[in-house]
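Asker: Structure below; questions to follow.
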């Protein structure tokens, strides 16, 4: 089993954090130089989806999409549980993970892809043809990031983590969106979001957050 | 247990199809008149996420996000399995369901929200403030729909369904995106996508596809 990664990207990081939280080590294949902001031609040719992460199992089958990979790994390595301990807890985690994906990763991707000079003509991931950047999406992406910070600040409230006392995959997705936004897109957590800031610092201090 | 729906929308339809495939009936609450293209103020006030679907269980807890709801229902009603019979099959279904969501539902939402006059100022779902429509996203949404048709046409190939011989939740998501696109956005399946057309007609003929 091995994982295809590209170091600059937030989505493979979700799987890497998940593996570290499980204490599982698998070979990680870099699909491109970090400073080139582009996956290698070899990888792009080998993978119809043209995105990372991808988990390749021993018969050569590839599983793409971060949460499909994490859920598969959760069945192989159930401890510690990162996707819930009973159906209702799992449903709440699924719900908040999906919101962190759509509203956090989605926002920061919109902001990043439409503003970074290295992504000129690559406004959407995975496309083999040009997708023009759209300047209006830079401003909209920033507004979405702020909305994400505010919504999750309210959800965290006095809890340690997004869905309560336990660290879960919802925290992983929200953290990877936030950390990428801060480091690459100057999307800072607003001062008004004290719960979010406390949560972010706590997650950043976990060994699994090292990139 | 009850489900909050709005008849015009593709996302609650995913859950309704899922329930029908399971043979499970639960009360369905309409959150707004179909011809008004807007959720009721009562519902919007009651739900921080301001979107449908939402599943309310008997203690009043609400679960939002179509796939979080479906996964919860799958644990309560495992037969027939719509999310896989073993970890690897489940991972492939998760992966293709997520692509149908991002690339099918995502594309048609972009096209619809940015072009329909009734959604002027409501370019993104769930927002309490104005989000302007962006004309460039109409064209991009159409290109994304075509990309979705072509990618899934290749994936279906000679199979009956998206991940092989069995009907799954990946088919539900892809069908709801396609049917909404055809009926509301004039997004027709290209003639070149014969596998996709065959698949679409077969899914449309299922009793669960009635709206």
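Asker: Please find, among A:41, A:56, the residue that is farther than 30 Å from residue A:197 by Cα, in contact (Cβ under 8 Å) with a residue 12 or more places away in the chain and assigned by TED's automatic domain parsing to the domain that holds residue A:16.
Answerer: A:56
Asker: Looking at region B:62-79, which of its residues are within 7 Å of another protein chain (Cβ to nearest Cβ), at negative phi and not in a helix (DSSP H, G or I)?
Answerer: Passing the criteria: B:63, B:64.
Asker: Oh, and also: Which numbered condition trips up residue B:86, out of (1) surrounded by fewer than 15 Cβ atoms within 10 Å (Cβ to Cβ); (2) within 12 Å of chain A (Cβ to nearest Cβ); (3) farther than 18 Å from residue B:161 by Cα?
Answerer: For residue B:86, the failing item is (3).
Asker: Going by the conditions given, is residue A:102 surrounded by 15 or more Cβ atoms within 10 Å (Cβ to Cβ) and in the same structural domain as residue A:6 (by TED's automatic domain parsing)?
Answerer: No; evaluated as a whole, the condition is false for this residue.
Asker: Just need a number here: residues in region B:107-132 that are in a loop (DSSP other than H, G, I, E, B) and either under 18 Å from the mean Cα position of the chain (by Cα) or under 24 Å from residue B:43 (Cα atoms) (or both).
Answerer: Here the count works out to 13.
Asker: In region B:20-35, what residues are loosely packed, with under 13 Cβ neighbours inside 10 Å, assigned to a helix (DSSP H, G or I) and touching a residue at least 12 places away in the same chain (Cβ under 8 Å)?
Answerer: Residue satisfying the conditions is B:34 alone.
Asker: Is it the case that residue A:101 is farther than 30 Å from residue A:146 by Cβ and either touching a residue at least 12 places away in the same chain (Cβ under 8 Å) or out of contact with any helix residue (DSSP H, G or I) (no Cβ under 6 Å at 6 or more places or on another chain) (or both)?
Answerer: No, not satisfied.
Asker: Right, something else. Please tell me if residue A:12 is more than 12 Å from chain B (Cβ to nearest Cβ), under 23 Å from residue A:102 (Cα atoms) and either modelled with pLDDT of 95 or more or not in a loop (DSSP other than H, G, I, E, B) (or both).
Answerer: yes
Asker: Before we move on, is residue A:50 touching a residue at least 60 places away in the same chain (Cβ under 8 Å) and under 24 Å from residue A:174 (Cβ atoms)?
Answerer: Here the answer is no, as residue A:50 does not meet what is asked.
Asker: When region A:96-118 is examined, which residues are found to be within 10 Å of chain B (Cβ to nearest Cβ) and either modelled with pLDDT under 95 or more than 18 Å from residue A:11 (Cα to Cα) (or both)?
Answerer: Of everything in region A:96-118, nothing turns out to be within 10 Å of chain B (Cβ to nearest Cβ) and either modelled with pLDDT under 95 or more than 18 Å from residue A:11 (Cα to Cα) (or both).
Asker: When you check residue A:17 against the structure, is it crowded, with 20+ Cβ neighbours inside 10 Å, in contact (Cβ under 8 Å) with a residue 60 or more places away in the chain, in a helix (DSSP H, G or I) and facing chain B (nearest Cβ under 10 Å), yes or no?
Answerer: When the stated conditions are applied, residue A:17 does not pass them.
Asker: Given (1) more than 9 Å from chain A (Cβ to nearest Cβ); (2) without any contact (Cβ under 8 Å) to a residue 60 or more places away in the chain; (3) surrounded by 19 or more Cβ atoms within 10 Å (Cβ to Cβ), where does residue B:121 come up short, assuming only one miss?
Answerer: (3)
Asker: Next question. Go through (1) facing another protein chain (nearest Cβ under 10 Å); (2) in contact with a strand residue (DSSP E or B) (Cβ under 8 Å, 6 or more places away or on another chain); (3) surrounded by fewer than 23 Cβ atoms within 10 Å (Cβ to Cβ) and name the single condition residue A:167 misses.
Answerer: Only one criterion is unmet by residue A:167, namely (1).
Asker: What number of residues within region B:38-61 are surrounded by 15 or more Cβ atoms within 10 Å (Cβ to Cβ), at positive phi and more than 17 Å from the chain's Cα centre (by Cα)?
Answerer: 0
Asker: I'd like the full set of residues that are away from every other protein chain (no Cβ under 14 Å) and crowded, with 23+ Cβ neighbours inside 10 Å, limited to region A:170-179.
Answerer: Of everything in region A:170-179, those that are away from every other protein chain (no Cβ under 14 Å) and crowded, with 23+ Cβ neighbours inside 10 Å turn out to be A:171, A:172, A:174, A:175, A:176, A:177, A:178.
Asker: Tell me which residues, restricted to region B:86-98, are within 23 Å of residue B:24 (Cβ to Cβ) and touching a residue at least 40 places away in the same chain (Cβ under 8 Å).
Answerer: B:89, B:93, B:97 - these are the residues of region B:86-98 that are within 23 Å of residue B:24 (Cβ to Cβ) and touching a residue at least 40 places away in the same chain (Cβ under 8 Å).
Asker: Could I ask something else about it? Quick check on region A:140-163: of everything there that is more than 13 Å from chain B (Cβ to nearest Cβ) and assigned to a loop (DSSP other than H, G, I, E, B), which residue is farthest from residue B:48 (Cα to Cα)?
Answerer: If we take residues in region A:140-163 being more than 13 Å from chain B (Cβ to nearest Cβ) and assigned to a loop (DSSP other than H, G, I, E, B), then A:160 is farthest from residue B:48 (Cα to Cα).
The values are calculated or read from the model by the stated rules, or taken from the named source; none is laboratory data. This one's a predicted model, so the numbers in the text were calculated from it and none came from an experiment. Because the Cβ atoms are built from the backbone with ideal geometry, glycine has one as well, and the counts that use them run over all protein chains shown.
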